[in-house]
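What follows is a single structure, written as structure tokens, with notes after it.
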Amino acid sequence: QVPIFQLRALMLSGCHLDKSILTGPGFLATQRHLEILDLSNNNLAGSIPDWIFNNEATLTYLNIASNSLVGSLDSMWQHKSELRIINISMNHLEGQLPTNISLLFPRLVVLDASDNIISGSIPPSLCSITAMRIMDLSRNKLTGDVPTCFFINYSQSLLVLKLSNNYLGGLIFGRGSNLSIAWAMYLDSNNFEGTLPSNLSGNLDVLDLHDNKLSGELDASLWNLSPLQVLNVASNSFNGDIDPAICKLTNIQLLDMSNNNFSGSTPNCIGTLP
């Protein structure tokens, strides 16, 4: 029986729901005007139902994180959507990101697909979503190079980029040096290689590059990233002296350069940095 009401928002996070809410009497499938749907932190299993992304859907906010959902992401890529926030993190979803993702979600602000089994490469069209603020694809099985546009052409709107714990490779920052990410970049636990580019610039507060295959000396321009509060380059193959210009990092709160091949003496300021 179809209910007489149409909900605009349904928020049932942490309510011990099981898969019957998705596959049971079909109540949710009758709600054609939902704008906000939060079913996170429950016991949902099975695949994502097709009705969430059908042509009639009006969703702008979808949070199904921290469940036990499995299967393909294909149903997400069938129709253009008005979604602005997508959080499908901490499930067991698999598949690849579509090459035309910017056409499917042109207004996307937050994409959190972390802690799944997503494979394949990162589509360059993600850079065309100019409203994007937070993108978290960490702890998946992504491979290949990161599109250079993430580092040199991305609009200043992107605040946080998290790609940790994948199988991504290629030259770090895609040869770019003007880092446009506005606040934090996590590229740790991948297979990035090469040396840090010269003439680095940007306004990052957090830069995490630990556990990669980076080598060579740290370019002096790294120390010109004065807003940095967190810098982690541990577990790479960096070598050479540590430039006394590191003392320019007056905002630093966490500095980890362990498990590298640095030589020479430690600049005197290391023990006095905040």
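The values are calculated or read from the model by the stated rules, or taken from the named source; none is laboratory data. Since this is a predicted model, take the numbers as computed values, not measurements. FYI the Cβ positions are ideal-geometry reconstructions off the backbone, even for glycines, and counts take in every protein chain you see. Side chains are part of the model used for accessible areas, which takes the heavy atoms of the whole protein and leaves out ligands, DNA and RNA. Shrake-Rupley method; radii C 1.70, N 1.55, O 1.52, S 1.80 Å.
Observations, loosely collected:
- Residue match in region 68-87 (condition: in a helix (DSSP H, G or I), over 17 Å from the mean Cα position of the chain (by Cα), surrounded by fewer than 20 Cβ atoms within 10 Å (Cβ to Cβ) and of a type in the set (A, V, I, L, M, F, W, C)): yes
- Residue ID - least open to solvent (accessible area, probe 1.4 Å), chosen from residues in region 114-147 that are closer than 16 Å to residue 102 by Cβ and among the hydroxyl-bearing types (Ser, Thr, Tyr): 125
- Single match in 34, 62, 44, 39 (criterion: surrounded by 18 or more Cβ atoms within 10 Å (Cβ to Cβ), farther than 19 Å from residue 89 by Cβ and modelled with pLDDT of 75 or more): 34
- Tally, over region 143-197, of residues that are on the phi > 0 side of the Ramachandran plot and touching a Pro at 6+ places or on another chain (Cβ under 8 Å): 3
- So residue 22, is it closer than 17 Å to residue 82 by Cβ, open to solvent by less than 40 Å² (accessible area, probe 1.4 Å) and either modelled with pLDDT of 75 or more or not in a loop (DSSP other than H, G, I, E, B) (or both): no
- For region 148-176, the candidate set comprises residues that are surrounded by fewer than 17 Cβ atoms within 10 Å (Cβ to Cβ) and polar (S, T, N, Q); within that set, the residue that is farthest from residue 219 (Cα to Cα) is 157.
- The residue list 101, 172 contains one member that is more than 20 Å from residue 188 (Cα to Cα) and touching a Leu at 6+ places or on another chain (Cβ under 7 Å), which is 101.
- The strands (runs of 3 or more DSSP E) found entirely in region 218-274 that carry 1 or more residues being within 23 Å of residue 164 (Cβ to Cβ) and either open to solvent by less than 10 Å² (accessible area, probe 1.4 Å) or touching an Asp or Glu at 6+ places or on another chain (Cβ under 6 Å) (or both) are 230-232, 237-240.
- Region 91-108, residues that are part of a loop (DSSP other than H, G, I, E, B), touching a Lys or Arg at 6+ places or on another chain (Cβ under 9 Å) and buried (at least 18 other Cβ atoms within 10 Å of the Cβ): 105, 108
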